[in-house]
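> One structure coming up, written as structure tokens, with questions to follow.
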Amino acid sequence: MDLISSPQNDRFKLVRLLQSQAKARRKNQQIVLEGMRLMRDALENGSTPDFVLFQEDAEAPIQEMITALQGERIKCFPVIAELMREMADTETPQGILGVFPMPNKTIPETLKLVVVADGWRDPGNLGTLIRTAAAAGVDLVALTPGTVDPYNPKTLRGGMGAQYRVAIRSMDWSQIAERLGHLAFYLADASGEVVYTDVDWTQPCAIVIGGEAHGFSRTEHQLAHQVIQIPMEAGAESLNAAVAASILIYEARRAK
């Protein structure tokens, strides 16, 4: 194995590009997974890395993973510590990362529960939503324009591998209306006229949760069958978007 020690190395350049640019991730259909946990989740879900980079002085568990990957004929390359720090998105690099194909889980033919994240800007919140959706068996997470990239490094860490376990698609509102318009739409809003526990969650539905920085558009209100609310104590301004989504997802899941 040739040691990668120069920032002019093509693999080093590719990782830096994928870590920093959503456009590059979409064009190449590749993402970077940092650390053994995320890489194992991807491997267990049937994804094979295009290549793996690991710190030359990596500890025994990483060396063991590298040996196993090489046994599967996966290309693995040692890198100097300085370059690993430059490639990593975390403050304390874990010593290993892999370039994987972008997840593309199939959307089920029959949709029972869809979540629409509208204009979510915080990658950690979106990662939490995706993780919750995967755990609760949501069929599809739809992302409207302006929502943070679901394969942003911080979103990937927040999702803890969930991007491989639930279908995720970026869709504008015309696409949502065309593909999901047959579902009952529920908009979560503090001014909603129906408390979420009084909703008929047994029917196939889509839950629309807006980002914390803006309200809903007219298009969304036209699609919504009901605007629903989560009751809060007087003086409470709002719930965190990911928290609100989790409450509604599990209420819907309980009823189905």
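> Write out, first by first residue and then by second, each pair whose Cβ atoms fall under 7 Å of each other, whose residues are 6+ apart or on separate chains, and whose first residue, in the stretch 69-93, is more than 18 Å from Leu3 (Cβ to Cβ) and of a type in the set (Asp, Glu) while the second is part of a strand (DSSP E or B) and open to solvent by less than 30 Å² (accessible area, probe 1.4 Å).
Asp89/Glu34
> When the stretch 154-184 is examined, which residues are found to be farther than 15 Å from Arg131 by Cβ, out of contact with any Cys (no Cβ under 7 Å at 6 or more places or on another chain) and not in a loop (DSSP other than H, G, I, E, B)?
Going through the stretch 154-184, the residues farther than 15 Å from Arg131 by Cβ turn out to be 169-184.
Applying the additional criterion that residues be out of contact with any Cys (no Cβ under 7 Å at 6 or more places or on another chain) yields 169-182.
Once the filter is applied, which keeps residues that are farther than 15 Å from Arg131 by Cβ, out of contact with any Cys (no Cβ under 7 Å at 6 or more places or on another chain) and not in a loop (DSSP other than H, G, I, E, B), the stretch 154-184 yields Arg169, Ser170, Trp173, Ser174, Gln175, Ile176, Ala177, Glu178, Arg179, Leu180.
> Condition check: modelled with pLDDT of 95 or more and surrounded by 16 or more Cβ atoms within 10 Å (Cβ to Cβ). Does Ser170 satisfy that?
Numbers: modelled with pLDDT of 95 or more: yes; surrounded by 16 or more Cβ atoms within 10 Å (Cβ to Cβ): no.
No: the conditions fail for Ser170.
> Across the stretch 227-246, which residue is farthest from the chain's Cα centre (by Cα) among those that are closer than 14 Å to Gly192 by Cα and at pLDDT 90 or above?
It comes out as Pro231.
> Shifting gears a bit: Can you find a residue in the stretch 8-15 that is modelled with pLDDT under 95, surrounded by 14 or more Cβ atoms within 10 Å (Cβ to Cβ) and outside any helix (DSSP H, G or I)? Explain how you work it out, then say what you get.
Just the residues of the stretch 8-15 that are modelled with pLDDT under 95, to begin with: none.
Within the stretch 8-15 (the criterion being modelled with pLDDT under 95, surrounded by 14 or more Cβ atoms within 10 Å (Cβ to Cβ) and outside any helix (DSSP H, G or I)), the answer is no, since none of the residues qualifies.
> Taking the stated definitions as given, is Arg26 within 30 Å of Leu183 (Cα to Cα) and either of a type in the set (Lys, Arg) or surrounded by fewer than 13 Cβ atoms within 10 Å (Cβ to Cβ) (or both)? Outline the logic, then answer.
Numbers: within 30 Å of Leu183 (Cα to Cα): yes; either of a type in the set (Lys, Arg) or surrounded by fewer than 13 Cβ atoms within 10 Å (Cβ to Cβ) (or both): yes.
In short, yes.
> Looking at (1) assigned to a helix (DSSP H, G or I); (2) touching a Pro at 6+ places or on another chain (Cβ under 9 Å), which one does Pro49 not meet, given that it meets all the others?
(1)
> Within the stretch 201-222, take every residue that is under 22 Å from Ala242 (Cα atoms) and open to solvent by 20 Å² or more (accessible area, probe 1.4 Å) and give me the one that is modelled with the highest pLDDT. Quick ask: steps written out before the conclusion?
Of the stretch 201-222, the ones under 22 Å from Ala242 (Cα atoms) are 201, 204-217, 220-221.
Among the residues that remain, those that are also open to solvent by 20 Å² or more (accessible area, probe 1.4 Å) are: 204, 212-217, 221.
Working: Pro204: 96, Glu212: 65, Ala213: 57, His214: 55, Gly215: 52, Phe216: 56, Ser217: 54, His221: 57.
Step by step, filter the stretch 201-222, then rank; the result is Pro204.
The values are calculated or read from the model by the stated rules, or taken from the named source; none is laboratory data. Owing to the predicted nature of the structure, the values given are computational and were not obtained by experimental measurement. Neighbour counts run over all protein chains shown; Cβ positions are idealised from the backbone, glycine included. Just the protein is used for accessible areas: all its heavy atoms, side chains included, with ligands, DNA and RNA removed. Shrake-Rupley method; radii C 1.70, N 1.55, O 1.52, S 1.80 Å.
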